[in-house]
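See below for the structure under consideration.
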Amino acid sequence: MTEFIVITSGKGGVGKTTSSASIAVGLAKHGKKVAVIDFDVGLRNLDLIMGCERRVVYDFVNVIHQECTLKQALIKDKRYENLHVLAASQTRDKDALTKEGVERVLNELKDEGFDYVLCDSPAGIEKGAFLAMYFADRAIVVVNPEVSSVRDSDRILGLLSSKTRRAETGATPVMQHLLLTRYNPARVVAGDMMSIDDVKEILGIEVLGVIPESEGVLAASNSGVPVILDEASNAGLAYDDAVARLLGQTRAMRFLDAPKKGILSRLFGS
Amino acid sequence: MGLFDFLRGSPKQTASIAKERLRIIVAQERSARGSPDYLPLLRRELLEVIRKYVNVDQDAIDIQVKRDGDHEVLDLTVTLPDKSEAAAAAAAAAREA
């Protein structure tokens, strides 16, 4: 059974692509057959975060327009052979995606026996974002503890329960999760940042994971190695937990407390 | 919080402000969700008509589409100004004229 998961947020720059890459790698680590698709036509970036940018020959739009086969366009990951990337087109306009075309590609992935197909949504609520969420069984809404991100997430939650295939056909609704990223426990403790409970209370859905703000995320994107593979980084470990929860395991939330300060920084403030 | 923070003045705790603002705007946007597109325009035009007769505030009209069993009900609430306020406003207008 193939599960289609959309990684979405409304607002840009909150960590959709970082999260898509790490969750895809995490699922592959658990032995699942995974494809991750970049829906951001014109602004391809998942390939860079996955570290396969120089191996892109054909892209998602080529497959939709039947200019190549799906097999030709799927880039096999160098680390996990059960993980595949489908890059976004860099040149075409965003009307290149069609509902029928996307459905055909997703069905083909289903026939190929993929366990998970992750759809990395572009920001906004235009066609690319709409098509990324339309066929979803499950949605991971990436949100920063910040007013504009939380408001946009609520808008996206509304669209997930009205503008998806599951909503239109009256099937069981799309399963919704929150993934809180760029979380800074020290600032939460100081009262300068909304807490996980605040965000959960406003949006009213369960939290799949909390990814602490971490230097590891930039280092990972710099080197094209998804941060989940960096076991020295708290962000990487937090993604690992989130993936385990996605697979139904129980893992306690980590990295929610501010790091302990030394006596000097306590005295003089940070 | 450091020992000498009082010298810098204590920073405002803004997270609770963010939460409160979001609670209100999210609730408002959720209630507007799924309501017909013509509501804002209808609201504006109704307001113009009412203001021909009564001097009400810009936000005196609340329009919602509510479900009542199988029916959809257009629920329209107009808050009229206080009698004393209205009289004072009328008196002031008369004085100016």
### Query
Quick one: is A:V34 at pLDDT 95 or above and under 20 Å from the mean Cα position of the chain (by Cα)?
yes
### Summary
Over the range A:146-156, the set of residues under 13 Å from A:I196 (Cα atoms) and crowded, with 24+ Cβ neighbours inside 10 Å is A:V150
### Message
Go through the range A:160-189 and report how many residues are over 29 Å from A:V217 (Cα atoms) and facing chain B (nearest Cβ under 10 Å).
### Response
2
### Task
May I ask you to say which residue of A:L74, A:L43 is open to solvent by 10 Å² or more (accessible area, probe 1.4 Å) and either more than 23 Å from A:A136 (Cα to Cα) or modelled with pLDDT under 95 (or both)?
A:L43
### Query
Taking the range A:146-159, which residues are facing chain B (nearest Cβ under 8 Å) and either in contact with a His (Cβ under 9 Å, 6 or more places away or on another chain) or not β-branched (V, I, T) (or both)?
A:E146, A:R151, A:D154, A:R155, A:G158
### Query
Looking only at residues in the range B:23-82 that are of a type in the set (G, A, S) and within 14 Å of another protein chain (Cβ to nearest Cβ), which one is farthest from the chain's Cα centre (by Cα)?
B:G34
### Query
Mind checking which pairs have a first residue in the range B:33-56 that is touching a residue at least 24 places away in the same chain (Cβ under 8 Å) and a second that is surrounded by 14 or more Cβ atoms within 10 Å (Cβ to Cβ) and assigned to a loop (DSSP other than H, G, I, E, B), Cβ under 8 Å, 6 or more apart or different chains?
B:I50/B:V56; B:I50/B:A60; B:V54/B:P81; B:N55/B:P81; B:V56/B:P81
#### Entry: Hits in the range A:62-120 (condition: among the acidic types (D, E), in contact with a helix residue (DSSP H, G or I) (Cβ under 8 Å, 6 or more places away or on another chain) and closer than 19 Å to A:I49 by Cα)
A:D77, A:D120
### Query
Would the range A:202-216 turn up any residue that is modelled with pLDDT of 95 or more, in a helix (DSSP H, G or I) and within 11 Å of another protein chain (Cβ to nearest Cβ)?
yes
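Here's the yes/no breakdown for (1) in contact with a Ser or Thr (Cβ under 7 Å, 6 or more places away or on another chain); (2) at pLDDT 80 or above; (3) among the polar types (S, T, N, Q):
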| position | (1), (2), (3) |
| --- | --- |
| B:K12 | no, no, no |
| B:S16 | no, yes, yes |
| B:E29 | no, yes, no |
| B:S35 | no, no, yes |
| B:L42 | no, yes, no |
| B:L46 | no, yes, no |
| B:N55 | no, yes, yes |
| B:D62 | yes, yes, no |
| B:E72 | no, yes, no |
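The values are calculated or read from the model by the stated rules, or taken from the named source; none is laboratory data. Worth saying up front: this structure is predicted, and the values here are computed from it rather than measured. Here Cβ is always computed from backbone atoms with ideal geometry, including for glycine, and neighbour counts include all displayed protein chains. Note: accessible area is taken over every heavy atom of the protein model, side chains too, but ligands, DNA and RNA are not part of it. Shrake-Rupley method; radii C 1.70, N 1.55, O 1.52, S 1.80 Å.
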